Amino acid sequence: MSREDPVKHRTAALVGNPNAGKSALFNALTGARQKIANYPGVTVERKAGRMALPGGDTIELIDLPGSYSFDAASPDEEVTRKVVQGEFASEPAPDVIVLVLDAANLEQHLVFAQEVLELGRPTVVALNMVDLAERDGLTLDAGALSEALGVPVIPTVAVRRKGLSELTAAIAEAEAQGDGESHKRWHITLPERRLAAKHMARGAICRSRPATLSKMALIGSCSIRGSAP
Ligand SMILES: Nc1nc2c(ncn2[C@@H]2O[C@H](COP(=O)(O)OP(=O)(O)OP(=O)(O)O)[C@@H](O)[C@H]2O)c(=O)[nH]1
Ligand SMILES: [Mg+2]
C-alpha cells in the first residue's frame, strides 16, 4: 500500500554509461509497475515505474538512457542531462540519483561518474555486475570506492536480484537526507577525470586469483571486501 506524499512527487533516476545494467535494475526494482511515455519535444521514451522502499513508501524510479558525458552528443544523452539537471519544465530534478557502474569496467565507468557526482545531488552508487567482475578474477572493495566517491556504494547483480534490498535502503536514506554538504570537488577536464578514474579503480579492485596475483601486486590498501552480496 502506498503512503506517498500527496504534495511532493518523489523520484529517483538511474544514470550511467550504456550497458551498466540500468534497465535490468529498473525491471528488478519496479516489476510490472511501469509506465512508458515520451519526453516533450523528442522521440526519446520516458520509462518510469514505482519502486517500494523499505518503510512501505514508494518512489517513482526513472530509467534514463545511457550516457558517456553531459556534453551530450545524441538526443538520448541530451535527455539524460536535462532530466538530472532539472531542465524539463514538466519534470523537476530527481530527488536521488542512482549511479549505476559496471564493476567489470569500473575505470571506464568512473569517468562519467565524476560528472554526475559533480552535480552535488543526493546519490547512491549501484556497483552492478559484480558477478562478471568476479568471473574476471576481481574482488571489489565497495568501502574503498565509497570513500573515494563520497557516496554509498552497494554491490549488485541486477539479473540475479542481488543487493536490491540494500540498494533500496540506501536510496530511502539518501532521499530522507536530501542535499548534504559533504560532496567532493571533482576535476573538470576529461584527461584529469580519466586519471582520477584510474586511481579510484585501482584503489577499489583487488586481483584475487593466484594466477594473476603473481603477475600483479595488490594495489593500494585494497582489503578484499565488499564482494557480491
Ligand atoms: N551478468 C550480469 N549481467 C547483467 C547484470 N546487469 C545487467 N546485465 C546484462 O547486461 C546487459 C545490459 O543491461 P541493460 O540493463 O540493458 O543496460 P543499460 O544500462 O540499461 O543500457 P542502456 O539502456 O544502453 O544505457 C543486458 O544483457 C543485461 O541482462 C549483472 O549484474 N550481471
Ligand atoms: Mg537501458
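Laboratory data are not the source of any read-out in this text; all were calculated from the coordinates shown. In this text the structure is predicted, and so the values were computed from the model without any measurement.
How much length is gained on full extension from residue 37 to residue 90, taking 0.36 nm per residue of separation minus their Cα-Cα distance?
Numbers: separation 53, 0.36 × 53 = 19.08 nm, distance 1.26 nm.
The residue 37-residue 90 span can extend by a further 17.8 nm.
Using every alpha carbon pair in the range 11-215, what percent of pairs falls into each 10 Å bin from 0 up to the bin containing the largest distance?
Here the calculated profile for the range 11-215 is 9, 37, 37, 15, 3, 0.
For the range 79-85, what does the Karplus curve 6.51 cos²θ - 1.76 cosθ + 1.60, with θ = phi - 60°, yield as ³J(HN,Hα) per residue in whole Hz, taken in order and with x for Gly and Pro?
My calculation for the range 79-85 gives 4, 4, 4, 5, 5, 5, 8 Hz in order.
What list of whole percents do you get for P(r) of the range 1-105, with Cα-Cα distances grouped in 10 Å bins up to the one holding the largest distance?
Over the range 1-105, the share of Cα pairs per 10 Å bin runs 15, 48, 30, 6, 0 percent.
Out of all DSSP beta bridges in the range 11-215, what portion is antiparallel? Express it as a percent rounded to 5. Could you put the intermediate results ahead of the total?
Details: 16 of 33 bridges.
Close to 50 percent.
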